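For reference, the structure discussed in these notes is given below.
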Amino acid sequence: MRLPLRLAVLFASVGPALAQSPSPSPAPWSLGEEAVREIVGRVRAGRDLTPKQWPGGARVAVGLSFDFDNETIPLRDGNHSVSQMSQGEYGARAGLPRVLDLLARHRVAASFFVPAVSGLLHEAEVKRIVAAGHEIGLHGWIHERNSQLDAATERDLLTRSRDTLERLAGRRPVGMRTPSWDYSPHTIAIARELGLLYDSSLMADDRPYEVVAAGQPTGIVELPVEWILDDAPYFTMDRFAGIRPTMNQEEVLAIWKGEFDVAQREGGSTS
């Protein structure tokens, strides 16, 4: 089974240029305790938000989500190869209908995190996702790397992404997954400015928790992710970079099943 939703023509205006490269960081061994605490304390896990009981008396909660990236990753990297564009197009043209059909057959609702440029290129598909009863969440403008942006650029891109997806989907997104799960020191503050309710990009736990920024609770719910539960590490293919799929579908299913079994035994969650 091929799941290509890790999957836009580059629009003329994609926001201000990337920030200049930061000055070299000090050698790690030269950091004092105060500096170490400041670095690791920028964004941390706060109180556990696991409910006392899952709805319907379920023993475990599972969240299904898909990153509807399509052509945005090669575009972000300045790769305008026709071949790469066609590979991205596959996600919207062939992959999405299969995923939506699978979800419909099992009556399962899911979240689709959509870069705004991907939404602009595939407006009909966004509307199809919404019509099927699924959520549309923020996933950046063109799958940019937030850690390479200054605060003004990151704010501009996320704000325009929110406005674009609201127009396309007919409702304002309430949550985000940062592209590549990449955070800058400004990301959580911008999310709060936009009134987002949740994030799904961090990995401090496998249960939902409140995000803490600089020691202060933010009110934002974190629905944690983990790379071993994502399809990209196993199935990404780039012949020029020498990146090849590392496992077959049955091996990956065994990993995901093992994670589910532990979550069920502990009464937790997985996503």
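The values are calculated or read from the model by the stated rules, or taken from the named source; none is laboratory data. Since the model is a prediction, treat every value here as computed from it, not as a measurement. Note: ideal-geometry Cβ built from the backbone for every residue, glycine included; neighbour counts use all protein chains shown.
Being touching a helix residue (DSSP H, G or I) at 6+ places or on another chain (Cβ under 7 Å) and outside the structural domain of Arg177 (by TED's automatic domain parsing) is the requirement here; does Val126 meet it? No: the conditions fail for Val126. Return the total of residues in segment 153-180 being at negative phi and either out of contact with any Pro (no Cβ under 9 Å at 6 or more places or on another chain) or modelled with pLDDT under 95 (or both). Total satisfying the criteria: 18. Checked across segment 138-147, the condition of being more than 16 Å from the chain's Cα centre (by Cα) and either on the phi < 0 side of the Ramachandran plot or of a type in the set (Asp, Glu) (or both) holds for no residue. Within the option set Gly41, Gly88, Gly95, Gly78, being buried (at least 19 other Cβ atoms within 10 Å of the Cβ) and either among the basic types (Lys, Arg) or farther than 29 Å from Phe260 by Cβ (or both) holds for one residue only, Gly88.
For (1) surrounded by fewer than 18 Cβ atoms within 10 Å (Cβ to Cβ); (2) of a type in the set (D, E, K, R); (3) modelled with pLDDT under 95, each residue gets a yes or a no:
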| residue | (1), (2), (3) |
| --- | --- |
| Asp182 | yes, yes, no |
| Pro185 | yes, no, yes |
| Ala189 | yes, no, no |
| Asp199 | no, yes, no |
| Met203 | yes, no, no |
| Tyr209 | no, no, no |
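Against the test of being surrounded by fewer than 13 Cβ atoms within 10 Å (Cβ to Cβ) and assigned by TED's automatic domain parsing to the domain that holds His143, the options Arg171, Arg244 yield a single qualifying residue, Arg171.
Within this structure, Ser147 fails the test of being surrounded by 17 or more Cβ atoms within 10 Å (Cβ to Cβ) and not charged (D, E, K, R).
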